[in-house]
Every structure is written in structure tokens, then in C-alpha cells.
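Just so it is clear, none of the values below were taken in a lab; they were calculated from the coordinates. Since we're looking at a predicted model, the values are computed, not measured. No Cβ is skipped: glycine too gets one built from the backbone with ideal geometry, and neighbour counts run over all protein chains shown.
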Amino acid sequence: MLMRTESRGRILLRFLLAALLFIARISPRDGHVIAWIDLKGLLPVEQSIDDEAVLNEFAYDARYHRIFVTGKRWPTVFQIEVVERPR
């Protein structure tokens, strides 16, 4: 499953692979993946209603440079901040 949006000149794609969810940051210049955002564990287990309560949507607010994430049957929408992880 894929979803595409644009963020500060970069393309974001959502991948659902084996129950792990990632957002890929893609360079619009050459199409290469430049970063992965791992969203596994965003919703605490105790807030998961059932097996259908899966992460499935995100949106980028270009005006304020914010990313929002939510899921099917989730009780809330999360605003996330992407931070670089040391290599």
C-alpha cells in the first residue's frame, strides 16, 4: 500500500510491509530514498481497539511544516516531529 505527498521539496511515501509502517523521504530530483521514518509503536498497545486498528494515513501541512499521522479505528491524530537519528 502506498500513499504520496510532498514536504519541503521532498516526496513522502507510506509503505505498509508486514505490519510495520514507514514513511520514505524521496528526493524529487533523482527519485532516491534519502530517509526512512519508522512509525512502529506510535499508538500504544492499550489504545488499539482490535486487529483492524492500523496506521494508515498521514498528511503534511506545508504552511506550518507539520506532519500528522492517524490510523483506521484510532482514537486520535498524532502530530509527529521528524528528528535525525545519529548513524
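Distance between the pseudo-spin-label points of Ala53 and Arg87 (7 Å out from Cα toward the beta carbon): 3.8 nm.
Using θ = phi - 60° in the Karplus curve 6.51 cos²θ - 1.76 cosθ + 1.60, the 3J(HN,Hα) couplings for the range 34-49 round to 10, 6, 10, 10, 8, 9, 4, x, 4, 8, x, 3, 5, 9, 6, 6 Hz; x is entered for Gly and Pro.
By the scheme Lys and Arg +1, Asp and Glu -1, what is the net charge of all other residues having a beta-carbon under 14 Å from that of Ser48?
On the way: positive: Lys40, Lys72, Arg73; negative: Glu46, Asp50, Asp51, Glu52.
Taking every other residue near Ser48 into account, the sum is -1.
Working from label points 7 Å from Cα in the Cα-to-Cβ sense, the Asp38 to Gln79 distance is 2.6 nm.
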